[in-house]
Amino acid sequence: MNENQINNHVEGPRDGLTFNWLNLLLGVAFFLWFTEGSDILSDDWNVYLCLAIVVVIHELGHVIVGKSFGCIVKEMQVFFLSFVSYKPRKVEGGSSWRDIRWSLGVLPLGGVTVFKSRESGVRTSPSVESDTSSSAHFSSPYIEDKPAWQRLLISAGGVLFNIATFVILYFSLPFISFEYDDFIRQLTAMSLLIALLNMLPVYPLDGGSIVFSLYEIMSGKKPSPSFTRVCGWIGFIFIVLFFWVFPEWLGGIMRSVYGLFF
C-alpha cells in the first residue's frame, strides 16, 4: 500500500531510534483479543516472518519507484500501529535515503509508504507554486504533482516487486536446500498472495490508487478529494472485514494459491 493519499501527515518524532511502548502494549493486547479463537492467529511464526519480508519488499517497491521519479519519501512503515522507528540523523551531503523514517508496527496488516505532499503542512517553494508547466510538475518533489502515469507506476511498484520476488523464488525452488524448502515455499506463496490482494480495486489498496490514476489518464481530471475520502473509508471497512472479521476468506485464498503452485 502506498500512502500518497495522506493529506495531513504530522511530522514524526526526533531523529535517531525512538520507541512507543504504549503502542506496543495496545497493539499486542488488541491483536490477542481480536484474534482469540480465530485461525488468523498462527502458531507458526514463520508466517509472520514471511509476511514481514514480503511487506518490506512491497513497500521498497513504492519507495524505489517513487524516488526514481523525484518524489521525497518521508516514511516507510512495516505493519501498523508503529512502536519503533529510526530516522538517520542529517549529514551534510548525505544520501537522500537518510531522509526516510523507517518504522515497525505491531499489527500484521500490511505496510505504508508516506510521500511528501503539498497538503502535509510543508510549504512549497515559490518557483514551484507559481509554475504550472509540465516540467515544473516533473521536477516537483510532491507526489500529487507527478503526472498520472508516474503515480500509477508508483502505486504499482509494490505489486511488481512482489511478483518479481515470486517469479525468482519459484524458479529457484529446485536449487533450494531441503532444510529451507518449507520456508521458501511459504515466502513464495505469500509474495503472490500479497500482490493479488493489493491488486483489488479497493482504495486505499494499490489497486484502488491505480484505478484513480487510470481514470485521470482517460478523463484528464483527478477524482475529487471528497470522493477519494469516501472511497478510503469504504475501503478501510472492507479491509477490516476481509482481513479480521472474516479471515476464512483470506485463508481460503492462501490455500488456493499454495495448492495451485505447490
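Taking the numbered list (1) surrounded by 18 or more Cβ atoms within 10 Å (Cβ to Cβ); (2) among the charged types (D, E, K, R); (3) farther than 27 Å from N46 by Cα in turn, E216 passes all entries but (1). The conditions of being surrounded by 16 or more Cβ atoms within 10 Å (Cβ to Cβ) and more than 22 Å from V73 (Cα to Cα) are not met by I237. Once segment 66-109 is narrowed to residues that are open to solvent by less than 20 Å² (accessible area, probe 1.4 Å) and not in a strand (DSSP E or B), the residue that is nearest to I194 (Cα to Cα) is G66. For segment 161-179, the criterion of being more than 20 Å from Q77 (Cα to Cα), touching a residue at least 24 places away in the same chain (Cβ under 8 Å) and buried (at least 21 other Cβ atoms within 10 Å of the Cβ) is satisfied by at least one residue. Flag set for V112, criterion: open to solvent by less than 20 Å² (accessible area, probe 1.4 Å), among the aliphatic types (A, V, I, L, M), within 25 Å of I239 (Cα to Cα) and modelled with pLDDT of 90 or more.
Within segment 122-130, one or more residues are at pLDDT below 80, hydrophobic (A, V, I, L, M, F, W, C), under 18 Å from K74 (Cβ atoms) and open to solvent by 30 Å² or more (accessible area, probe 1.4 Å). Scanning segment 180-197 for residues that are closer than 27 Å to R229 by Cβ and either open to solvent by 20 Å² or more (accessible area, probe 1.4 Å) or over 15 Å from the mean Cα position of the chain (by Cα) (or both) turns up I194, L196. Restricting segment 14-53 to residues that are of a type in the set (A, V, I, L, M) and more than 23 Å from the chain's Cα centre (by Cα), the residue that is modelled with the lowest pLDDT is L32.
State yes or no: is L152 outside any helix (DSSP H, G or I), of a type in the set (A, V, I, L, M, F, W, C) and within 22 Å of the chain's Cα centre (by Cα)? It is false that L152 is outside any helix (DSSP H, G or I), of a type in the set (A, V, I, L, M, F, W, C) and within 22 Å of the chain's Cα centre (by Cα). Residues being touching a residue at least 24 places away in the same chain (Cβ under 8 Å) and either closer than 20 Å to T113 by Cβ or not in a helix (DSSP H, G or I) (or both) are represented in segment 241-248 by at least one member.
The values are calculated or read from the model by the stated rules, or taken from the named source; none is laboratory data. Note that the structure is a prediction, hence the values are computed from the model and not measured. Here Cβ is always computed from backbone atoms with ideal geometry, including for glycine, and neighbour counts include all displayed protein chains. These area figures cover heavy atoms from the full protein model, side chains too; ligands, DNA and RNA do not enter into them. Shrake-Rupley method; radii C 1.70, N 1.55, O 1.52, S 1.80 Å.
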